[in-house]
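Some notes on the structure that comes next.
The values are calculated or read from the model by the stated rules, or taken from the named source; none is laboratory data. Not measured: the values here are computed from a predicted model. Backbone-built Cβ (ideal geometry, glycine too); neighbour counts: all protein chains shown. Note: accessible area is taken over every heavy atom of the protein model, side chains too, but ligands, DNA and RNA are not part of it. Shrake-Rupley method; radii C 1.70, N 1.55, O 1.52, S 1.80 Å.
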Amino acid sequence: IAVVATCLGLAVAFPLAYLAARNVAPARWVFYAARSVVVMVRAVPELIVAVLFVAAVGLGPFPGAMALAIGTVGFATKLLADAIEEVRPGPREGVWSVGATRMQEAATSVTPQAMPSFVGTSLYVFDINIRAATILGLVGAGGIGFYLIQATRTLDWERVGGILIIVFVLVYAIERLAGWVRKQLI
């Protein structure tokens, strides 16, 4: 659930972040519209979205993945747009002065400067989604959270402990990976 939600959410968040960054948005109204979408998406908690998806399509991992993907769009877009807004203007102006289009400017001067933040944000969002996937099992959204709730209901404390240890190890491994990747990019 966390992998699918992270991939889907980031696939929408990356292009939306360029529209929600004041310094690279094609027009002022596009910036405000994109930021409004981000605020609206962020305003609704993933648990509420998961309940709506469970009511619409039934129990299972699909509603959980979709709820987390929507939450990922709002959270990741904000962080990615903030990273884009912090890029240095010098390289952008240099690329712009030789006649580059907006897409060329974004690809050659904005994205390389923001890449460490993009990678860090992506891994952070994946970390959050792993932990959130355990909570979504409470509302029937499947995944590891469903198994955790079932083990809790049957008082199978060994399984509960095992699931919590697995979640801890995954989150710790992602944190170590994020640190290593940041060292490689910086």
(request) Report yes if some residue within region 153-160 is farther than 30 Å from residue 15 by Cα and open to solvent by less than 50 Å² (accessible area, probe 1.4 Å); otherwise report no. (result) yes
(request) Scan region 26-46 for residues that are in a helix (DSSP H, G or I) and either hydroxyl-bearing (Ser, Thr, Tyr) or within 19 Å of residue 131 (Cα to Cα) (or both) and jot them down. (result) 32, 36, 42, 46
(request) May I ask you to say which residue of 54, 49 is over 16 Å from the mean Cα position of the chain (by Cα), part of a helix (DSSP H, G or I), β-branched (Val, Ile, Thr) and buried (at least 16 other Cβ atoms within 10 Å of the Cβ)? (result) 54
(request) Mind listing whichever residues of region 1-25 are open to solvent by less than 70 Å² (accessible area, probe 1.4 Å), assigned to a loop (DSSP other than H, G, I, E, B) and touching a residue at least 24 places away in the same chain (Cβ under 8 Å)? (result) 1, 21, 23, 24
(message) Looking at 168, 146, can you tell me which residue is open to solvent by 80 Å² or more (accessible area, probe 1.4 Å), among the aromatic types (Phe, Trp, Tyr), assigned to a helix (DSSP H, G or I) and closer than 17 Å to residue 3 by Cβ?
(response) 146
(request) For residue 79, state whether it is open to solvent by 70 Å² or more (accessible area, probe 1.4 Å), modelled with pLDDT of 85 or more and in a helix (DSSP H, G or I). (result) no
(message) Being open to solvent by less than 30 Å² (accessible area, probe 1.4 Å) and outside any helix (DSSP H, G or I) is true for just one of 133, 114, 100. Which residue is that?
(response) 100
